[in-house]
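Note sheet for the following structure.
The values are calculated or read from the model by the stated rules, or taken from the named source; none is laboratory data. Keep in mind that what you see is a predicted model, and the values were worked out from it rather than measured. Every residue, glycine among them, receives a Cβ derived from its backbone with ideal geometry; neighbour counts consider all protein chains shown.
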Amino acid sequence: MQKKLYITPIFLALFSIAIILISLQLDISPEMIVGDSMQARSFPIFLMAINLILISVLFLQFFKNYPEKIELEIFTTWFSMFLFLLFYFLTITTDMFIGIAVCMFLMGYTWGEKRLWVNLCNAVITPGLIFLLFDSVLKIRFPRGLLTNIYYG
Amino acid sequence: MVELSAMASVFTDPYLIALIFATTILGVIIGVLPGLGATTGAAILLPFTLTMEPVQAIAVLSTIYVSATFAGSITAILINTPGTSASAATTFDGYPLAQKGEAGRALGVAVVSSTIGGVFSIIVLCIAAPLLARVAYEFRPPEYFALTVFGLSMLASISAGGAVKNLIGGVFGVWLSTIGAERVTNVERFMFGNYELYEGLSFVPVFIGLFAISELLVQSKTVNKIIETVALKAVKLPTKEDYKKIWKTILRSCGIGTFIGILPAEGATVASMIGYSEAKRWSKNPEEFGKGSVEGIAGAEAANNAATGGAMVPTMVLGIPGSGTTAIILVGLMVHGLRPGAYLFTEQVDTVYQIFGSMLLANFMFMAMGLYAAKLFARVSLIPRPTLWPIVFALSVIGAYAIQQSTLDIWIALIFGVIGFFARRHGFAVAPIAVGLILGEMVETNLQNSLKMFDGQWWMILTQPLAAFFLVLAFLGLCGPYIYGMITKQNK
């Protein structure tokens, strides 16, 4: 289990190296434009170099004082993240408000509210009220979908 | 004189008074709901201020800031769960005092100390901000570059996370600011063909993700937590005896809180912890701390509310956020076309002092609510999480969409929610990422301009006295504790 904790700095180091490699692929601007300033790639590379130094210090700290074990996520956390994906899918295929309502309903249910009518009311009334507020007061148009098409005509 | 009349105009504008009253209620509700602090609340509410006038919009955000910071103490005292991280120190003595049947007294001390702290810091804000603005007029790119580096170095001492982890978060935040087209050369950086990112990452969806959605995922782990409440009959104002005990503590914490608030990137949480420990250090009865000491409550509460006004000083004058919530207020200023910085104090002096006046009014309003409606607000904290957090989800995704009416912003908010959650799980605080994102553009632009000024000779920055001063401060802030530790080790 303890070995798993090293994943964090290793992941961060790999991320920093990846950013450096991507930065090296960025276009080089002519001297006339850049002048005495720096190229667009220089600043991200500089930042990631600092990050690599900080990650090395973090590694050293891990050797000296090993952090406490991190508990694994529970079902509701993973399911909530899955709901984000479901929301994405429903938004692009049906309607953003259908996505919100379905996710709210399922989130409420898996988080422990077993009364279906309470979840249903929450999932229907809340997005409805927010929609009306944003549409009528803030004049914000929402993306087209099954429901918004009916409303906008 | 102009300043005073601008401040006073807030107290004669019925619409603004009604707005601040309504927002104070909302702020107190946000503050008492565990997990929903001032930062999360401000992030969610920012899109709702889009159609408001700049003064009204910033008044809403700053009222949320001061009232939610105070309200965290209600649940800290009654259910031993701080509504905000800034109230964590209040639980040490607030809850034990409540358990003794003196919940009303504990809340009374918290309300009075918070109000004094808040009002004191706004007075300091009114005096210090214009003075600092005058100094800031002299700043050129090297000074601004050094100042932002100093601001970033201060991330090391944010309470949550370790120094190194906070700095990594800050650097990550600065890197995020490089996404999009580079301003001088127009070279596209890290866009991966997505032209909606040409102008860079929008702050609001990133903040909604980092603060609101990541908190939702954190709360998903505590769905079965049982909350125990302490009965509250009525809130009592402190007695003469209490005042005798706590007045010195309140004054000391006012100073500590305001000073810590002014430091870039520090906030109410650090202030309350230091305020509490100093109250204990100077107390005649330190043994009472942890068992229901009114001095402990006063020390923590005066300091955390004093930090709110203090944190507005660097935010308004230098464009450097003093805390996570002021980072959102800073974005609010930008969204409403106000340019934070020294020029704000000459170009829009009325607006600035109306914002200060709104904060002052909010302090008096939460005092009234704390004294007369704390019992009612405490009940709000018992709203079941399975009902509350789906609502937060809906508000977050719609809020993320509303700013630019772009679905990409929703996905950005959700992605940063997941990033923020895993960062927090591994001991990284999310506030440094937010502060880094805001300061990133300032750092790069001022570094570029400094290099142009000095014909590419970067070391010339060190020859500028003020710039050198800030860089030395940054160095001492980062390495000072280690050097001091090594010296004391050698001496032993």
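Screening residue B:123 on (1) assigned to a helix (DSSP H, G or I); (2) more than 21 Å from the chain's Cα centre (by Cα) shows it passes everything except condition (2). Among the candidates B:38, B:59, B:43, B:68, the residue that is crowded, with 24+ Cβ neighbours inside 10 Å, within 17 Å of the chain's Cα centre (by Cα), on the phi < 0 side of the Ramachandran plot and at pLDDT 90 or above is uniquely B:59.
Candidates are the residues of region B:261-290 that are at pLDDT below 80 and in contact with a Ser or Thr (Cβ under 6 Å, 6 or more places away or on another chain); the one that is nearest to residue B:326 (Cα to Cα) is B:267. Taking residue B:147, is it in contact with a helix residue (DSSP H, G or I) (Cβ under 7 Å, 6 or more places away or on another chain) and either crowded, with 22+ Cβ neighbours inside 10 Å or within 30 Å of residue B:74 (Cα to Cα) (or both)? It is true that residue B:147 is in contact with a helix residue (DSSP H, G or I) (Cβ under 7 Å, 6 or more places away or on another chain) and either crowded, with 22+ Cβ neighbours inside 10 Å or within 30 Å of residue B:74 (Cα to Cα) (or both). Only residues that are within 11 Å of chain B (Cβ to nearest Cβ) and aromatic (Phe, Trp, Tyr) were counted in region A:117-153, giving 3.
Exactly one residue out of A:100, A:50, A:45, A:22 is out of contact with any strand residue (DSSP E or B) (no Cβ under 6 Å at 6 or more places or on another chain), of a type in the set (Val, Ile, Thr) and more than 8 Å from chain B (Cβ to nearest Cβ): that is A:45. Is it the case that residue B:314 is within 29 Å of residue B:446 (Cβ to Cβ) and in a loop (DSSP other than H, G, I, E, B)? No. With respect to the conditions (1) within 11 Å of another protein chain (Cβ to nearest Cβ); (2) touching a residue at least 40 places away in the same chain (Cβ under 8 Å); (3) buried (at least 23 other Cβ atoms within 10 Å of the Cβ); (4) closer than 30 Å to residue A:86 by Cβ, residue B:418 lacks only one, and its number is (3).
Mind listing just one residue for me: the one in region A:126-150 that is closer than 25 Å to residue B:46 by Cβ and in contact (Cβ under 8 Å) with a residue 40 or more places away in the chain and, of those, surrounded by the fewest Cβ atoms within 10 Å (Cβ to Cβ)? It comes out as A:143. In region A:19-74, the qualifying residues are those that are surrounded by 16 or more Cβ atoms within 10 Å (Cβ to Cβ), hydroxyl-bearing (Ser, Thr, Tyr) and more than 28 Å from the chain's Cα centre (by Cα), and the one that is nearest to residue B:453 (Cα to Cα) is A:37.
Kindly provide the set of residues from region B:64-116 that are of a type in the set (Val, Ile, Thr), in contact with an Asp or Glu (Cβ under 8 Å, 6 or more places away or on another chain), in a helix (DSSP H, G or I) and over 23 Å from residue B:21 (Cα atoms), ordered by number. If the condition is that a residue be of a type in the set (Val, Ile, Thr), in contact with an Asp or Glu (Cβ under 8 Å, 6 or more places away or on another chain), in a helix (DSSP H, G or I) and over 23 Å from residue B:21 (Cα atoms), then B:90 is the only one that fits. Select from region A:106-125 the residues that are surrounded by fewer than 21 Cβ atoms within 10 Å (Cβ to Cβ) and closer than 21 Å to residue B:411 by Cβ and list them in ascending order. Hit for region A:106-125 is A:106, nothing else. Of all the criteria given as (1) within 30 Å of residue B:457 (Cα to Cα); (2) of a type in the set (A, V, I, L, M); (3) surrounded by fewer than 21 Cβ atoms within 10 Å (Cβ to Cβ), the one not satisfied by residue B:119 is (1).
Of everything in region B:174-206 that is in contact (Cβ under 8 Å) with a residue 40 or more places away in the chain and among the small types (Gly, Ala, Ser), the residue that is surrounded by the most Cβ atoms within 10 Å (Cβ to Cβ) is B:177. Within this structure, residue B:261 passes the test of being surrounded by 24 or more Cβ atoms within 10 Å (Cβ to Cβ), part of a helix (DSSP H, G or I), out of contact with any Leu (no Cβ under 8 Å at 6 or more places or on another chain) and not acidic (Asp, Glu).
Applying the condition of being in contact with a helix residue (DSSP H, G or I) (Cβ under 7 Å, 6 or more places away or on another chain) and among the small types (Gly, Ala, Ser) to region B:462-492 and asking which residue is surrounded by the most Cβ atoms within 10 Å (Cβ to Cβ) yields B:467.
Listed here are the residues, each with its yes/no results for (1) under 21 Å from the mean Cα position of the chain (by Cα); (2) surrounded by 22 or more Cβ atoms within 10 Å (Cβ to Cβ).
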residue: B:390; (1), (2): no, yes
residue: B:397; (1), (2): no, yes
residue: B:408; (1), (2): no, no
residue: B:413; (1), (2): yes, yes
residue: B:424; (1), (2): yes, no
residue: B:434; (1), (2): yes, yes
residue: B:449; (1), (2): no, no
residue: B:456; (1), (2): no, no
residue: B:460; (1), (2): no, no
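Within region A:53-78, restricting attention to residues that are of a type in the set (D, E, K, R) and over 14 Å from residue A:8 (Cα atoms), the residue that is farthest from the other protein chains (Cβ to nearest Cβ) is A:64.
Filter region A:25-42 down to residues that are facing another protein chain (nearest Cβ under 7 Å) and among the polar types (S, T, N, Q), then give me how many there are. Residues that pass the stated criteria total 2.
Residues in region A:89-103 that are free of Cβ contacts under 8 Å to residues at least 24 places away in the same chain and either surrounded by fewer than 16 Cβ atoms within 10 Å (Cβ to Cβ) or farther than 24 Å from residue B:425 by Cα (or both): A:89, A:90, A:92, A:93, A:99, A:102. Checked against the criteria, residue A:88 does not count as more than 21 Å from the chain's Cα centre (by Cα) and facing chain B (nearest Cβ under 8 Å). Considering region A:1-67, the qualifying helices (runs of 4 or more DSSP H), each wholly inside and each with 1 or more residues that are modelled with pLDDT of 95 or more and not β-branched (Val, Ile, Thr), run over A:7-24, A:42-64.
To keep it simple, each residue is scored yes or no on (1) polar (S, T, N, Q); (2) farther than 29 Å from residue B:57 by Cα.
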residue: B:275; (1), (2): no, yes
residue: B:298; (1), (2): no, yes
residue: B:307; (1), (2): no, no
residue: B:322; (1), (2): no, no
residue: B:331; (1), (2): no, no
residue: B:344; (1), (2): no, no
residue: B:351; (1), (2): yes, no
residue: B:355; (1), (2): no, no
residue: B:363; (1), (2): yes, no
